[in-house]
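Peer 1: Got a structure for you, written out below as structure tokens; questions coming shortly.
The values are calculated or read from the model by the stated rules, or taken from the named source; none is laboratory data. All figures in this text were calculated on a predicted structure; none of them were measured in a lab. All Cβ positions, even for glycine, are placed from backbone atoms using ideal geometry, and neighbour counts span all protein chains on display.
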Amino acid sequence: MGASNSKQEPAYVYGSDVPIGFTVGLKEKLLKEASAQKEAKDKARTASSSPESVCSRDTAEEVEKAVAKELERILKKQQHDQLRSKDRQASTAELLGEIRDLSQQINTSPTAQSQTYGQAVNARNQVAACLRKNEGKALDCWKEVSEFKSLVATLEREFVAASH
């Protein structure tokens, strides 16, 4: 029953520098369709211009157009995926740079260096310790929580005053 879930499928990871190939199944399908088209063309050449031969020529042309459209769609998708992966890498680098800049701003901000910030961190640790000690009785930590809330409110006021 659960045997299909325990099978390990191979994981494929494609990078922007790795060329993406076609699967064997797709190649075989395209080769079969191409050979079918060739056979249809050969039959159309040898057959007379009866309604059946006209119909088979039309069918062969439709199949040829469908294969061409499918190949074009696959190639466009590959190009789009390559562009997206390049954009993703660029945006990831930009985001990492922004994160570094923000962390530097936070560390150098007056709020992070204030005495109230240290008290708020200490109060947060006290709330966590109280909650661990009074497991299942969170209401017993109301004093620590109210002290932490007041310190956070003070920090917010300091931050707003420093930003203006």
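Peer 1: Please go through the range 129-164 and give me each residue that is small (Gly, Ala, Ser), assigned to a helix (DSSP H, G or I) and at pLDDT below 90, ordered by number.
Peer 2: If we filter the range 129-164 for residues that are small (Gly, Ala, Ser), which is where we start, we get 129, 136, 138, 146, 150, 153, 161-163.
Restricting the remaining residues to those that are assigned to a helix (DSSP H, G or I) gives 129, 138, 146, 150, 153, 161-163.
If the condition is that a residue be small (Gly, Ala, Ser), assigned to a helix (DSSP H, G or I) and at pLDDT below 90, then Ala138, Ala161, Ala162, Ser163 are the ones that fit.
Let's see how each residue does on (1) aromatic (Phe, Trp, Tyr); (2) at pLDDT 80 or above; (3) assigned to a helix (DSSP H, G or I):
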{"site": "Ile20", "(1), (2), (3)": "no, no, no"}
{"site": "Glu33", "(1), (2), (3)": "no, yes, yes"}
{"site": "Lys41", "(1), (2), (3)": "no, no, yes"}
{"site": "Arg57", "(1), (2), (3)": "no, no, yes"}
{"site": "Glu61", "(1), (2), (3)": "no, yes, yes"}
{"site": "Ala68", "(1), (2), (3)": "no, yes, yes"}
{"site": "Gln78", "(1), (2), (3)": "no, yes, yes"}
{"site": "Ala90", "(1), (2), (3)": "no, no, yes"}
{"site": "Leu96", "(1), (2), (3)": "no, yes, yes"}
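Peer 1: Condition test on Glu144, is it charged (D, E, K, R) and under 39 Å from the mean Cα position of the chain (by Cα)?
Peer 2: Answer is no for this residue.
Peer 1: Give all pairs with beta carbons closer than 7 Å in which a residue from the range 135-155 that is surrounded by 11 or more Cβ atoms within 10 Å (Cβ to Cβ) meets a residue that is small (Gly, Ala, Ser); count only pairs at least 6 apart in sequence or on separate chains.
Peer 2: These pairs meet every condition: Glu144/Ala123; Glu147/Ala123; Phe148/Ala120; Phe148/Ala123; Leu151/Ala120; Leu151/Ala123; Val152/Ala120; Leu155/Ala120.
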